[in-house]
1. Mind listing whichever residues of the stretch 41-85 are over 16 Å from Ile111 (Cα atoms), within 14 Å of the chain's Cα centre (by Cα) and at pLDDT 95 or above?
2. Run Asp112 past the list (1) in contact (Cβ under 8 Å) with a residue 24 or more places away in the chain; (2) in contact with a Gly (Cβ under 8 Å, 6 or more places away or on another chain) and report the number of the one that doesn't hold.
3. Cβ-Cβ below 6 Å, separation at least six or inter-chain, first residue in the stretch 10-24 and under 14 Å from Glu115 (Cβ atoms) and in contact (Cβ under 8 Å) with a residue 40 or more places away in the chain, second in a loop (DSSP other than H, G, I, E, B) and small (Gly, Ala, Ser): which pairs?
4. Taking the criterion of being modelled with pLDDT under 95 and of a type in the set (Lys, Arg), would at least one residue in the stretch 88-95 satisfy it?
5. Considering each of Arg7, Arg17, Arg94 in turn, give the residue that is among the charged types (D, E, K, R) and touching a Leu at 6+ places or on another chain (Cβ under 7 Å).
6. Can you tell me which condition Val102 does not meet? The list is (1) crowded, with 18+ Cβ neighbours inside 10 Å; (2) of a type in the set (Val, Ile, Thr); (3) in contact (Cβ under 8 Å) with a residue 60 or more places away in the chain, and all the others hold.
7. Hey, does the stretch 85-95 have a residue that's without any contact (Cβ under 8 Å) to a residue 24 or more places away in the chain and farther than 25 Å from Met57 by Cα?
8. With Arg65, Arg85 as the choices, which residue is farther than 22 Å from Ala2 by Cβ and of a type in the set (D, E, K, R)?
Amino acid sequence: MARFFGRYEHSLDDKGRVILPSKFRGPFEHGGYLTEYQDGCLSLWTPDQFEQQMETMLERASTGRNDRNLVRLWASTSHELEIDRQGRMAIPGRLREYAGLVTDVLVLGAIDRVELWNRESWDQKVLPEEQRLTQGDDG
């Protein structure tokens, strides 16, 4: 199973593409799947990991109306994509809008997936945890 870690800063080009860091590209040689994810970021999944996510969603779909609607939303906003020879991937406009990606994009390893973040959203939602770590507050 592919594992991802590290932080990279890239910019969207005028066609809405961002470069996937070379360290991340191997598991995506046959493409990947980009989805909306928690906290306003996007997640890039390998085909195998996306298959696991679909299985989880199928299980959730049978548990109630709210979960069925969540599954519908997740499926309808998921996109299969290719990584070109330069390591670029086109981010659909709807997903760029969801994540607030306009120019700068943080491309982060998140262990079982790659996350794409708007820098301001990252700073608001995740930076406080980093500050707690540096202050030695264990909770």
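1. Across the stretch 41-85, the qualifying residues are Ser78, His79, Glu80, Leu81.
2. (2)
3. From residues that are under 14 Å from Glu115 (Cβ atoms) and in contact (Cβ under 8 Å) with a residue 40 or more places away in the chain, the pairs are Leu20/Gly87.
4. Looking only at the stretch 88-95, we keep the residues that are modelled with pLDDT under 95, and these are none.
No, the stretch 88-95 contains no residue that is modelled with pLDDT under 95 and of a type in the set (Lys, Arg).
5. On the way: Arg17 fails: touching a Leu at 6+ places or on another chain (Cβ under 7 Å); Arg94 fails: touching a Leu at 6+ places or on another chain (Cβ under 7 Å).
Among Arg7, Arg17, Arg94, only Arg7 is among the charged types (D, E, K, R) and touching a Leu at 6+ places or on another chain (Cβ under 7 Å).
6. Unmet condition: (1).
7. In the first step, residues of the stretch 85-95 are kept if they are without any contact (Cβ under 8 Å) to a residue 24 or more places away in the chain; the result is 85, 94.
Imposing the further condition that a residue be farther than 25 Å from Met57 by Cα reduces the set to 85.
So far as the stretch 85-95 goes, yes, one or more of its residues are without any contact (Cβ under 8 Å) to a residue 24 or more places away in the chain and farther than 25 Å from Met57 by Cα.
8. Numbers: Arg85 fails: farther than 22 Å from Ala2 by Cβ.
Testing whether each residue is farther than 22 Å from Ala2 by Cβ and of a type in the set (D, E, K, R) leaves just Arg65.
The values are calculated or read from the model by the stated rules, or taken from the named source; none is laboratory data. Just so we're clear, the structure is a prediction, and the values are computed from it rather than from any experiment. For neighbour counting, all protein chains shown are included, and Cβ atoms are generated from backbone atoms with ideal geometry for every residue, glycine included.
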